[in-house]
1. Rounded to the nearest 5, what is the percent of antiparallel bridges among the DSSP beta bridges in segment 90-204?
2. Kindly provide the GluC sites (Glu not before Pro) of segment 224-326 that DSSP labels as loop, not H, G, I, E or B, and whose Cβ sees at most 11 other Cβ atoms within 10 Å.
3. Amide H of L134: which non-local residues (sequence gap of 5 or more, or other chain) have their own amide H closer than 5 Å, using H built in the peptide plane?
4. Using modelled amide H (1.01 Å from N, peptide plane; none on Pro or chain starts), what sits under 5 Å from the amide H of V207, excluding residues fewer than 5 places away?
5. For the pair V157/L228, report the inter-label distance in nm, with labels modelled 7 Å from Cα in the Cβ direction.
6. Would you work out if the chain is rounded, prolate or oblate? Take a ≥ b ≥ c from the square roots of the eigenvalues of the alpha-carbon gyration tensor; rounded if a/c is under 1.5, else prolate when a/b is larger than b/c, oblate otherwise.
7. Can you tell me how segment 169-247 classifies by the Cα gyration tensor, rounded, prolate or oblate, using a/c under 1.5 as the rounded cut?
8. Rounded to the nearest 20 Debye, what is the dipole magnitude of the chain about its Cα centre when Lys and Arg each give +1 and Asp and Glu each give -1 at the C-beta?
Amino acid sequence: MLDTLSAESVLEVLKPVQDPELQKSLVALNMIRNVSIDQGKVRFTLVLTTPACPLRQFIVEDCERAVKTLPGVESVEVEVTAETPQQKGLPDRTGIDGVKNIIAISSGKGGVGKSSIAVNVAVALAQAGAKVGLIDADIYGPNAPTMLGLEGSGVAVRQTADGEVLEPAFNHGVKLVSMGFLIDKDQPVIWRGPMLNGVIRQFLYQVTWGDLDYLIVDMPPGTGDAQLTLAQAVPMAGAVIVTTPQTVALLDSRRGLKMFQQLNVPVLGIVENMSYFIPPDMPDRQYDIFGSAGGEKTATELNIPLLGCVPLEIPLRQGGDRGVPIVVGDPDSASAKALTQIAQQIAAKVSVAALA
């Protein structure tokens with residue numbers, strides 16, 4: 001080890017410090033930059049692989065402890081920033097310019113709260129500092145505009161040399177496109193597969209997304225045309241399967257999970273929604289309305305991570321109805337904390353896969 005306090009000695013002492021998710025040296029990963037020293041004050045930049053890193057404070061403290069072992073160090077100042085890596089994907093899929101990672105939020109059946117998970121995960125990632133977009137790919141039942149407070153809004157259509165492109169709507173830090181912007185409120189969408197295929201490709205490739213760290217896709221339930229179109233069109237960072245503890249929901253979620261695996265889309269994990277009910281007048285009580293531990297059991301059987309369990313709370317439903325996601329409207333609630341942690345877990349797993 002170098003005896004004098006210098007940028008080289010700081011980097012040397014930081015070499016054993018690892019990113020806990022990647023299990024590689026921060027120095028080897030070029031995550032330690034801009035080291036400067038001024039009269040015993042050590043400053044450097046820690047560049048994480050996602051703004052939503054769940055172990056951010058842990059890594060910072062590890063770095064501070066390591067540097068303070070050097071003689072002559074008076075203080076340590078760590079500036080934390082992030083550079084989200086680009087997903088590699090498969091060579092036969094066409095990426096979207098400026099979009100680094102595409103993540104599907106899916107379910108085997110309807111009614112499990114998939115859209116609530118997708119919207120809140122997207123907003124939680126944006127709150128952490130990421131650039132986030134959301135495609136409401138549930139063409140037959142587009143609910144994301146209501147949940148993001150954009151009901152009654154629209155998307156601008158702009159003419160370019162390559163044809164028409166859509167300007168996404170924006171709220172709570174998230175860019176959104178949805179069929180809900182293109183049809184009347186009570187108008188049913190009565191389409192066959194080829195038309196569904198076309199509008200999903202339009203939402204992918206004919207929208208001015210700009211630079212995005214994450215593009216979340218709220219899928220329709222089941223294993224049909226929309227899932228097949230998405231999986232075969234773009235290089236996906238992975239899919240998240242949403243279920244409830246109920247047996248019938250778990251059975252359908254397994255089918256959805258297997259579908260993504262057959263299409264060579266990584267499954268990032270399972271989210272168990274509506275895990276238990278918390279009465280508003282008795283916040284210390286829990287009721288397993290839809291059963292218990294079903295998501296954990298399924299995750300264990302299929303060797304898939306359980307990303308988290310989201311309780312059923314009245315404010316969660318109220319927030320979706322009035323367009324203020326619970327991670328914004330009630331961030332200290334049990335469900336908001338669970339959703340934020342799920343967003344962090346998703347981001348961490350995407351980073352690991354991209355740098356593997």
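1. For segment 90-204, the DSSP antiparallel bridge percentage is about 60.
2. Hits after loop and neighbour filter: nothing returned.
3. Sorted by chain and number, the residues that satisfy this are K175, L176, V177, I216.
4. Under 5 Å from the amide H of V207 lie the amide H atoms of L166, each far enough along the sequence or on another chain.
5. The answer from the label model is 2.8 nm.
6. Cα axes put the chain in the prolate bin.
7. In terms of gyration-tensor shape, rounded.
8. 720
Where a number appears in this text, it was derived from the coordinates with a stated rule and is not lab data. Treat the numbers as computed from the prediction; the structure is a model and nothing was measured. Reconstructed Cβ throughout: ideal geometry from the backbone, glycine too, with neighbour counts over all protein chains shown.
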